[in-house]
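The values are calculated or read from the model by the stated rules, or taken from the named source; none is laboratory data. Just so you know, these numbers come straight off a predicted model, no measurement behind them. So basically every Cβ, Gly included, is an ideal-geometry build from the backbone, and we count neighbours across all protein chains shown. In case anyone asks, the SASA skips ligands and DNA or RNA and just uses the protein heavy atoms, side chains included. Shrake-Rupley method; radii C 1.70, N 1.55, O 1.52, S 1.80 Å.
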Amino acid sequence: MTILCVRFQLPTVYEAALPGLLGLLEEFTPVVEALPPDGALADLRGAERYFGRGAVELASVIRVRALALHGVDCMIGAGPGPMLARMALRDARPGVTCMVPDDAVADFLADRPVAALPGVGKATARTLCEYGLDTLGRVAAAPLSTLQRLVGTRAGRELHEKASGVDRGRVVPNAVSRSLATERPFSRDELDEDRHRRALLSAAEELGARLRAVDKVCGTLTLTVRYADRSATTRSRTLKEPTAHSAALTRAAYDMYEALGLQRARVRSIALRAEGLDPAEQASHQLTFDPADEKLRRIEEVADRARAKFGPYAVMPGALAA
């Protein structure tokens with residue numbers, strides 16, 4: 001079994017192009033899992049036999065077709081499982097596929113830092129490093145009982161398996177992303193509340209455009225404000241109704257920001273995350289008979305068509321609020 005992990009080099013807000021690129025992968029295999037906003041996993045188990053070509057050759061064909069048909073380059077990692085394909089992607093570059101053969105998994109993993117393993121966070125990596133288990137080769141060679149004492153029974157077993165190259169992951173076709181996020185960093189620590197609000201407006205408009213591009217609505221909006229001292233404040237709000245309407249997302253973001261009561265706070269970045277995504281066709285919309293709101297929705301439709309035709313930067317951030 002060979003899995004490809006493909007990352008298309010798309011502009012951040014151009015998620016509307018992803019369905020077409022997924023269709024390109026589905027010409028080779030029906031087992032394709034979307035990794036929004038710009039990636040996908042593809043199981044080539046049957047494709048290699050059907051086309052009579054190896055994974056690297058098929059990856060080259062995919063890259064050429066993406067460039068020819070969509071004008072998009074991509075980076076591709078390949079391995080015996082999803083975890084290894086994702087790790088291989090980190091070593092890939094445009095034009096060159098990074099392949100991890102079945103018989104080279106141990107060598108590929110051995111010298112990598114333990115933090116490179118998916119699912120290993122900073123706290124777990126720090127604990128392992130304190131006991132000299134700083135590479136995946138050393139973790140694989142450690143007794144299972146030792147790992148279980150350090151990180152827990154279940155986590156220790158999973159860690160030992162992954163470090164040994166045992167990849168039990170599977171590609172799940174048509175998997176739906178449950179969140180979308182965007183961040184607005186400042187070039188310097190920002191005190192100006194007006195600049196904070198403009199960043200929120202820009203982030204909310206981007207999230208709304210991305211949600212509408214993939215026909216989703218969100219039920220929860222989360223705001224994260226990061227400060228100069230590297231601390232952060234996070235607030236979440238369940239929306240009155242699931243929406244992809246930029247004005248509604250902006251109002252919710254402003255309300256959460258105002259509730260923080262920041263006074264002369266030195267803000268390093270502001271991030272918004274849309275969570276609890278569901279298909280837009282399943283969402284209900286409460287009619288307000290508000291002419292201003294209906295006008296904004298019509299403007300959004302025009303702006304979305306302009307983005308689809310001319311690219312993600314056809315409408316400047318803040319233009320819908322003008």
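Overall size of segment 145-194 from C-alpha positions, given as principal axis extents largest first: 54, 34, 16 Å. In the context of the full protein assembly, Lys162 retains an accessible surface of approximately 70 Å², using a probe radius of 1.4 Å and ignoring ligands and nucleic acids.
Per residue, the accessible area of segment 103-169 comes to 57 Å², computed with a 1.4 Å probe over protein heavy atoms only. Using the alpha carbons alone, the radius of gyration of segment 156-287 stands to its Kirkwood radius in an Rg to Rh ratio of 1.09.
Computed with the Debye formula from one identical point scatterer per Cα of segment 34-169, without solvent, the log10 of I(q)/I(0) at q = 0.14, 0.22 Å⁻¹ comes to -0.70, -1.28.
A 1.4 Å probe run over the protein chains yields, for segment 1-100, 42 Å² of accessible area per residue, whole-number rounding. Remark on segment 205-283: hydrodynamic radius 13.1 angstrom, per the Kirkwood mean of 1/r across alpha carbon pairs. What number does segment 103-169 give for Rg over Rh if you use C-alpha atoms and the Kirkwood radius? Ratio of gyration radius to Kirkwood radius for segment 103-169: 0.92. What a 1.4 Å probe finds exposed on segment 133-271 is 45% carbon and sulfur by accessible area, rounded to a whole percent.
With the full set of protein chains in place, find how many percent of the accessible area of segment 1-100 is carbon and sulfur; take the probe as 1.4 Å. Here it works out to 52 percent. Note on segment 1-100: Kirkwood radius taken over Cα pairs, Stokes-Einstein applied at 4 °C and 1.567 mPa s, translational D equal to 100 µm² s⁻¹. Each Lys or Arg adds one and each Asp or Glu subtracts one; over the other residues with Cβ under 10 Å from the Cβ of Ala280, this totals -1.
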